[in-house]
Amino acid sequence: MKLFPLPVKPAGRTPLSAAAAILALAGVSFAAGTFVTAISMKPDTLDPAGTYDRYGHMIELGIYESLVAFAGNTLGSGFVPALSAEAPSKDNGLLSRDGRTYIFPLRKNVRFHDGSPLTAGDAAYSLIRFMITDSPAGPSSLFLKPLLGINSVRGRNGDIIPAFSDFTRAVRADGDRLIITLREPYPPFLSLLA
């Protein structure tokens, strides 16, 4: 970790200088529209299919966006839409009565960093890739259990066990909507996505 000296406040500076000094102590700096921060360890990866450490996750929060987000600071505060135009619930009809099917109508005009539009097919691809990648001791098992009823996609010899159709049955695009169907109701599912 790099420590930065506390700048001395020159006469005539605005209170923003004090805020900048505090941020400098935290290892944060701003230059020419760039945000720079220091972290104490190198992330394992920045591939969202394999990130399971807090350092990679901290960086990815500034790069990727989830379908839904937590509405407040506590788990019981509910969910708000992020890439989804609405957070699924039984009240709005985007969560089936049996609690197994979640519908995420995607926000309009969302673009990737290269300017191409986000489609429901892109969102489905990302989730399926996340599950298929299934890095050892990685985060995929959190989704594999509720969606496919398994803890890992790999057998003892490393081969992928489920058929691709198992994945596309659980996660699919329908027009501008992403549809996720669980094997059985799993109340913390939106928390996993958030």
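Annotations for the structure displayed:
- For the stretch 44-71, taking the residues that are under 16 Å from L193 (Cβ atoms), in a loop (DSSP other than H, G, I, E, B) and open to solvent by less than 50 Å² (accessible area, probe 1.4 Å), the one that is modelled with the highest pLDDT is identified as L67.
- Flag for R111 being open to solvent by 30 Å² or more (accessible area, probe 1.4 Å), within 21 Å of S66 (Cβ to Cβ), at pLDDT 95 or above and charged (D, E, K, R): no
- Residue under evaluation A87, criteria (1) surrounded by fewer than 19 Cβ atoms within 10 Å (Cβ to Cβ); (2) assigned to a loop (DSSP other than H, G, I, E, B); (3) in contact with a strand residue (DSSP E or B) (Cβ under 7 Å, 6 or more places away or on another chain), criterion not met: (1)
- Positions within the stretch 90-108 being charged (D, E, K, R), under 19 Å from the mean Cα position of the chain (by Cα) and buried (at least 16 other Cβ atoms within 10 Å of the Cβ), in sequence order: R107
- Only one of G93, G121 that is without any contact (Cβ under 8 Å) to a residue 24 or more places away in the chain and under 22 Å from D174 (Cβ atoms): G93
- Selected residue [touching a residue at least 24 places away in the same chain (Cβ under 8 Å) and assigned to a loop (DSSP other than H, G, I, E, B)] from S126, S152, S135: S135
- For the stretch 123-139, the criterion of being closer than 24 Å to G76 by Cα and either out of contact with any Leu (no Cβ under 8 Å at 6 or more places or on another chain) or of a type outside the set (V, I, T) (or both) is satisfied by at least one residue.
- Pick from the stretch 150-160, criterion in contact with a strand residue (DSSP E or B) (Cβ under 7 Å, 6 or more places away or on another chain) and of a type in the set (A, V, I, L, M, F, W, C), ranking: nearest to A123 (Cα to Cα): V153
- Qualifying residue in the stretch 140-156 (condition: within 16 Å of E65 (Cβ to Cβ) and surrounded by 14 or more Cβ atoms within 10 Å (Cβ to Cβ)): no
The values are calculated or read from the model by the stated rules, or taken from the named source; none is laboratory data. Everything numeric in this text was worked out from a predicted model, so none of it was measured. When we count neighbours, we look across all protein chains shown, and the Cβ atoms used for this are built from the backbone with ideal geometry, even at glycine. Keep in mind that these areas ignore ligands, DNA and RNA; they rest on the heavy atoms of the full protein, side chains included. Shrake-Rupley method; radii C 1.70, N 1.55, O 1.52, S 1.80 Å.
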